[in-house]
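Each reported figure results from applying straightforward, stated rules to the coordinates on display, with no laboratory input. Note that the coordinates shown come from a computational prediction; the quantities given were computed from them, not determined experimentally. Don't worry about glycine lacking a Cβ; one is built from the backbone with ideal geometry, like all the others, and counts go over all protein chains shown.
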Amino acid sequence: MKTHTIVLNVNREIHMVTVRSADTLLYVLRSKLGLTGAKPGCLNGDCGACTVNVDGWPMKSCLMLAVEAVGKKITTIEGLKDTPIQQAFVENFAFQCGYCTPGFIMNCHSLIEQHPDADDEKIREWLESNICRCTGYEEIKNAIKSVLNKD
Amino acid sequence: MLSFDFDYYKPVTLKEAVQLLETLEQQEKKTMVFSGGTELITLGRIDLSITEAVIDIKDIQECRVMGLNEKNLVLGSALSLTKIEKANLFPLLTKVSSEIADHTARGKITLGGNICAKIFYREAVLPFLLTDSQVIIAGAKGIKVLSIHDIFHEELQLEKGDILLQLETEKSFLGSPFLCIKRRQQWNSGYPLITICALKVGNEIRVAISGFCPFPFRSKVVEEILNNDRLSLEERINTVIEVLPGPILNDVEGSSKYRVFVLKNLLREIMMSLKVEV
Ligand SMILES: Cc1cc2nc3c(=O)[nH]c(=O)nc-3n(C[C@H](O)[C@H](O)[C@H](O)COP(=O)(O)OP(=O)(O)OC[C@H]3O[C@@H](n4cnc5c(N)ncnc54)[C@H](O)[C@@H]3O)c2cc1C
Ligand code: FES
Ligand code: FES
């Protein structure tokens, strides 16, 4: 089958959507569900701007087909409400143009959930998956550390 | 989003997957096994890969096993690299894996996908070459168990319709001393200039290399020279350079001359760190 009518669980809401096998999750989130928080950057798995959370883990939504996401719990930046990491980004000035921000926040959010005791090495390993063209890395690191320390 | 259409199948049993591959072959449909799927998604976007059908193997139980039996560690081909790292049953593989791509991408990239990849680094194969592992393959004619040395020559020599199921590694190798070094042109993640892995078994050193030639390799001749105690360390390293397979890569990551220079230093570092007697 080249097209499929599938059920996606996004931000705890059930969506029925018709997709091509060839549609990436990023494309379906943005163009079919109107969730434009995940950003298209390189579309090649390199920049992390499209990062969402799938079953608790960060996922580059440009590297996943929408059909692969059936049966999984997807969270996008729109699904995060008043989380400590969002607040910490504001308090630490962890963005400039903001294009990379949803991807970074989704990755940081997954890291905090999976490794609440993450050390510097773990933070480095995880955050290497995202690129900030405005080079706000220091502030982003401060933001995530402020949340981890609080916990 | 890819600009061409293809059929997507996600069989839950191996039998179903093998039959599907056979049927699609009879219909002369170009079919791809789809594990992490990142190759089709990234190369397909720039028209370097195209297919009419994909068979997603991630729901097949045999491709997801991970565990130790009496003699071996068994790893399914559809395990993501992050799953393998988290379990850390094979420290050398954990180390190699943790340097491939980046953490988020490794949640999608799978062991089998990396080993069967068109992108020629295939770094995850290095630990299996060093440990003389077995490769388990399913095809129309049934299951085959082969030594990796009989089936991996530059790339895994699969026949049409074959699925790489698992890799089996003798437990006795899992605790052997090792060193793995990945040198990149720049940054801390992404493709290598050269990746070298070494394993010390008894007093002997084994090495496998990716990024030096357009394929990963382990060479018996290289190892004989590295373990030849009639030669000094420098003689060994200089002789090894003479017998390496070719061609040596000469690309944007680095010239072939530079790669030789880097490899010599890496060999020196490995011989000294693993305390090979010289
Ligand atoms: C952002 C990024 C960074 C990368 N960095 C690195 C790196 O540093 N080092 C490196 O070595 N590679 C790197 N790669 C390459 C990557 O590891 C390979 O492209 C690999 O193929 C991806 O694994 P996958 O599971 O997505 O494979 P897939 O796309 O599913 O498959 C790759 C190929 O293998 C075939 N295949 C897959 N599984 C099987 C099976 N079980 N049986 C038979 N055939 C099969 C497929 O048909 C396809 O041709 C990177 C890729 C990306 C996207
Ligand atoms: S757009 Fe997905 S990683 Fe760059
Ligand atoms: S804030 Fe501009 S790219 Fe990161």
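Here are the numbers:
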| item | result |
| --- | --- |
| Partner chain coverage, peptide B:99-111 - average Cβ within 10 angstrom | 6 |
| Ellipticity estimate at 222 nm from DSSP helix runs (n ≥ 4, -39,500 (n - 2.57)) divided over chain A, nearest 500 | -9000 deg cm²/dmol |
| Relative packing of peptides B:172-184, A:22-34 - highest average C-beta neighbours within 10 Å first | A:22-34, B:172-184 |
| Average Cα contact separation per residue, chain B, under 8 Å, 6 or more apart, as relative contact order % | 15 percent |
| Helix axis angle, B:256-273 relative to chain B longest principal axis, alpha carbon, degrees | 70 degrees |
| Estimated translational D of the protein assembly as shown in µm²/s (Stokes, Kirkwood radius over Cα pairs; 37 °C; 0.692 mPa s) | 143 µm²/s |
| Helix axis angle, B:233-243 relative to chain B longest principal axis, alpha carbon, degrees | 40 degrees |
| Average partner coverage of A:126-132, which counts Cβ from other chains inside 10 Å | 4 |
| Among A:E78, A:E91, A:E125: highest mean-square fluctuation, GNM of chain A, C-alpha pairs under 10 Å | A:E125 |
| When the convex hull of its Cα atoms is projected in every direction, mean area for the stretch B:26-144 (nm²) | 8.4 nm² |
| Per-residue [θ]222 nm for chain B (sum of -39500 (n - 2.57) over DSSP H runs n ≥ 4, rounded to 500) | -8500 deg cm²/dmol |
| Shape of the stretch A:15-83, Cα gyration tensor, a/c cut at 1.5 | rounded |
| Square roots of 5 times each gyration tensor eigenvalue, C-alpha, the stretch B:103-209, largest first, Å | 24, 20, 12 |
| Within a Gaussian network of chain A (alpha carbon springs, distance under 10 Å), most fluctuating of A:D119, A:D55, A:D46 | A:D119 |
| Cα Rg, Dmax, the stretch A:13-151, angstrom units | 14.6, 44 |
| Shape category assigned to chain B from the gyration tensor of Cα positions, a/c cut at 1.5 | prolate |
| More than 16 Å apart - percent of Cα-Cα pairs taken over the stretch A:68-147 | 48 percent |
| Partner lysines for A:K145 [C-alpha distance under 18 Å; skip if fewer than 8 residues away on the same chain] | A:K122 |
| Cysteines in chain B lacking a second Cys C-beta under 4.7 Å | B:C63, B:C116, B:C213 |
| Relative contact order (%) - the stretch B:79-194, alpha-carbon pairs under 8 angstrom, separation at least six | 27 percent |
| Relative contact order, percent, the stretch B:162-278 [alpha-carbon distance under 8 Å, six or more residues apart] | 23 percent |
| Degrees between helix B:14-26 axis and first principal axis of chain B (Cα, 0 to 90, nearest 10) | 80 degrees |
